[in-house]
């Protein structure tokens, strides 16, 4: 680990930390010295990850079970994190759902779920911690708001239209927040993974699209969650006056 990747004294929040990119990112930030709050719905997984991270972490690790679609619950979670770990200066809004199907037969309940998690959950997370990020920046320290989007926000993927629409919204939201918060010192960034091997998509209802996703992953030697965690760690450890504003991370074979 180089000095530029040392995140000692930073207080991080990672949503969707119970699995995949979220869990890998929490581990990577803890390894770099940050205190980390693990936010997610699955309490048992959060507790298991927290116990594992505490074996080697130099900072504190706090599991917080929360429904990110509930704005009041997220605000309460933010208060609990601050009480336990101190003021937050690094937020990774990673939680997401990826549910595909041909538009004409897709389950509307799946659309609603993606809008709730990918948009509302991300908005609630960002809003709950923006005050602390602005305070950190005003105090002269680093302050990072990281959104985990997708290349689906700007590429074309048939049968994934609504998922891609939510990620396009994340992309433009991030740009506008960067224009709003950047002048006040908060580095707002969007990390956009390509094909990545995680649990995402395993719960989609459409069996044909689920099989298509498996084939896509098999064909391109997909990224791992750890690959994306490394990209996030690199971005937040940049020199203070540098914002890695948008980062596309794809398998070589995806092109």
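If you scan region 29-44, which residues turn out to be in a helix (DSSP H, G or I) and surrounded by 24 or more Cβ atoms within 10 Å (Cβ to Cβ)?
29, 30
Any residue in region 58-70 that is buried (at least 16 other Cβ atoms within 10 Å of the Cβ), within 20 Å of the chain's Cα centre (by Cα), in a helix (DSSP H, G or I) and modelled with pLDDT of 95 or more?
No, that holds for no residue.
Condition (residue is surrounded by fewer than 24 Cβ atoms within 10 Å (Cβ to Cβ), over 21 Å from residue 231 (Cα atoms) and touching a helix residue (DSSP H, G or I) at 6+ places or on another chain (Cβ under 7 Å)) applied to region 71-78: is it met by at least one residue?
Yes, region 71-78 has at least one match.
Going by the conditions given, is residue 179 under 22 Å from residue 113 (Cβ atoms) and assigned to a helix (DSSP H, G or I)?
The answer is no for residue 179.
With 47, 1 as the choices, which residue is surrounded by fewer than 16 Cβ atoms within 10 Å (Cβ to Cβ), at pLDDT below 95 and under 26 Å from residue 197 (Cβ atoms)?
Matching residue, one of 47, 1: 1.
Go through the residues of region 167-176 one by one and say whether even a single one is in a helix (DSSP H, G or I), touching a strand residue (DSSP E or B) at 6+ places or on another chain (Cβ under 7 Å) and surrounded by fewer than 21 Cβ atoms within 10 Å (Cβ to Cβ).
Scanning region 167-176 turns up at least one residue that is in a helix (DSSP H, G or I), touching a strand residue (DSSP E or B) at 6+ places or on another chain (Cβ under 7 Å) and surrounded by fewer than 21 Cβ atoms within 10 Å (Cβ to Cβ).
Would you please name the residue that is nearest to the chain's Cα centre (by Cα), looking only at residues in region 211-255 that are free of Cβ contacts under 8 Å to residues at least 24 places away in the same chain and in a helix (DSSP H, G or I)?
217
Among the residues of region 134-161 satisfying the criterion of being without any contact (Cβ under 8 Å) to a residue 60 or more places away in the chain, surrounded by fewer than 20 Cβ atoms within 10 Å (Cβ to Cβ) and assigned to a helix (DSSP H, G or I), which is farthest from the chain's Cα centre (by Cα)?
Of everything passing the filter in region 134-161, 138 is farthest from the chain's Cα centre (by Cα).
Residues of region 73-99 being part of a helix (DSSP H, G or I) and under 20 Å from the mean Cα position of the chain (by Cα), which ones?
Hits for region 73-99 are 73, 74, 75, 76, 77, 78, 79, 80, 81, 82, 85.
Can you tell me which residues in region 192-210 are touching a helix residue (DSSP H, G or I) at 6+ places or on another chain (Cβ under 6 Å), without any contact (Cβ under 8 Å) to a residue 60 or more places away in the chain and not in a loop (DSSP other than H, G, I, E, B)?
The answer is 192, 197.
The values are calculated or read from the model by the stated rules, or taken from the named source; none is laboratory data. Remember, it's a predicted structure, so these values are computed and weren't measured experimentally. So basically every Cβ, Gly included, is an ideal-geometry build from the backbone, and we count neighbours across all protein chains shown.
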